[in-house]
Amino acid sequence: MINFLLWLIVGAAIGWVASLIMRTDSRQGLIADIIIGIVGAFVAGIFLSPLFNISTINQGDFSLPALLVSLGGAVILLAISKLFRNVAGFLLVVAIVLIAYMVFR
């Protein structure tokens with residue numbers, strides 16, 4: 001239970017910092033920050049973890065390198081979603097990431 005709450009809090013912080021970096025913080029709230037942080041860590045787990053050989057917060061690692069890799073995934077996710085600028089485009093990106101995970105797993 002504590003690990004789940006910590007995961008939500010760290011996901012929210014990562015999503016918030018990523019939204020500050022990508023300048024989308026005025027358009028999203030706490031729930032969006034949590035989703036961006038957690039899904040961004042998922043994206044980082046697929047693309048960045050194999051490159052740097054570092055786990056993410058989704059794998060229960062809350063070290064500084066894991067936080068930075070998760071932040072990188074959240075920034076990548078926001079950069080891709082910024083291309084589409086609407087909810088349908090964002091959901092399409094999330095669907096593509098999930099399909100890519102299932103194929104390359």
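The values are calculated or read from the model by the stated rules, or taken from the named source; none is laboratory data. Owing to the predicted nature of the structure, the values given are computational and were not obtained by experimental measurement. Glycine also receives a Cβ, built like all others from the backbone with ideal geometry; neighbour counts cover every protein chain displayed.
Inside the stretch 20-42, can you point out the residues that are touching a Leu at 6+ places or on another chain (Cβ under 7 Å) and closer than 10 Å to Val75 by Cα?
Met22, Ile36, Gly40
With the condition kept exactly as written, say whether any residue in the stretch 67-79 is assigned to a helix (DSSP H, G or I), in contact (Cβ under 8 Å) with a residue 24 or more places away in the chain and more than 25 Å from Leu5 (Cβ to Cβ). For the stretch 67-79, residues assigned to a helix (DSSP H, G or I), in contact (Cβ under 8 Å) with a residue 24 or more places away in the chain and more than 25 Å from Leu5 (Cβ to Cβ): present. When Phe62, Phe42 are checked against the criterion of being at pLDDT below 90, outside any helix (DSSP H, G or I) and either over 15 Å from Ile14 (Cβ atoms) or not charged (D, E, K, R) (or both), Phe62 stands alone in meeting it.
Contact map, the stretch 1-15: first residue in contact (Cβ under 8 Å) with a residue 40 or more places away in the chain, second residue among the acidic types (Asp, Glu) and part of a helix (DSSP H, G or I), Cβ cut-off under 6 Å, separation 6 or more or different chains; pairs are Gly15/Asp33. For the stretch 1-34, filtering for residues that are buried (at least 18 other Cβ atoms within 10 Å of the Cβ), aliphatic (A, V, I, L, M) and either in contact with an Asp or Glu (Cβ under 6 Å, 6 or more places away or on another chain) or over 16 Å from Phe62 (Cβ atoms) (or both) leaves 2. In the condition set (1) touching a helix residue (DSSP H, G or I) at 6+ places or on another chain (Cβ under 6 Å); (2) at pLDDT 80 or above; (3) aliphatic (A, V, I, L, M); (4) assigned to a helix (DSSP H, G or I), Val93 is compliant with all but (2).
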